[in-house]
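Data block below; observations after.
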Amino acid sequence: MKRRRGGAIVADAQPSADGRQAAATIAVYPGSFDPVTNGHVDIIRRAALYYPRLIVAVLTNPSKSPLLPLRERMLLLQEVCGNLSHVEVDCFDGLLVDFVRRRGATLIVKGLRIVSDFEHEFSMALLNRKLRGGADTMFLPASLEYAYVSSSFVREVFSLGGDISEFVPAAVLRAMTRMRVPHAVEQRRSAGPKRLALGRKKA
């Protein structure tokens, strides 16, 4: 049986050959989300149309220094996904397929912004399928208005004092604006002595 959900036609779980009801698919959408962008939210909302449960999984990477701490990224995701009752936010480290297996999921969701994304993501999809307990990957192309938006792009614009309000949800903008004030003060403090030194004449 098929039914309409949010404008999409979605098939209900069908009984398997032995008469048992097929398990509802749990999907995982992984990423660093540093910060969460409007493109991320678009993928989450669209993926949530097709799966009864979607886990947004925030990667913890000790080898990198994120702009936003893990806890804040998770809280921001919970806030922007608050109206999606079947979307859950979690975090993981290590292999993605291990996390997928622990959570009882069967599918990985990835967004594709540009053609160059596909080469890397396709290789990762094959690897994740090959590893023990592997899972398949579903790709969702970015909506046209978000095809150029990435977390690294937002971080760079933010670090140079640019306006990021078009690229991130309001909650993320507020959080990053709070960061900008102490960051600007620190920049002025560190730049001050250098300016004085440059302006000092030799005796």
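The values are calculated or read from the model by the stated rules, or taken from the named source; none is laboratory data. These figures come from a predicted structure and were not determined experimentally. With ideal geometry, Cβ positions are generated from the backbone for all residues, glycine too; neighbour counts draw on all protein chains shown.
The set of residues in region 55-82 that are assigned to a loop (DSSP other than H, G, I, E, B) and either exposed (fewer than 15 other Cβ atoms within 10 Å of the Cβ) or in contact with a strand residue (DSSP E or B) (Cβ under 8 Å, 6 or more places away or on another chain) (or both) comprises Thr60, Asn61, Pro62, Ser63, Lys64, Ser65, Pro69, Cys81, Gly82. The set of residues in region 160-183 being part of a helix (DSSP H, G or I), touching a residue at least 12 places away in the same chain (Cβ under 8 Å) and β-branched (Val, Ile, Thr) consists of Val172 alone. Look at Asn128 and say whether it is buried (at least 18 other Cβ atoms within 10 Å of the Cβ) and of a type in the set (S, T, N, Q). Criteria met by Asn128.
Kindly evaluate Val41 against the criterion of being modelled with pLDDT of 95 or more, more than 22 Å from Arg102 (Cα to Cα), touching a helix residue (DSSP H, G or I) at 6+ places or on another chain (Cβ under 8 Å) and in a loop (DSSP other than H, G, I, E, B). No, not satisfied. Looking only at residues of region 57-103 that are at pLDDT below 95 and of a type in the set (Gly, Ala, Ser), we find that the one that is nearest to Arg178 (Cα to Cα) is Ser65.
Looking only at residues in region 83-109 that are among the charged types (D, E, K, R) and farther than 14 Å from Tyr51 by Cβ, the one that is surrounded by the fewest Cβ atoms within 10 Å (Cβ to Cβ) is Arg102.
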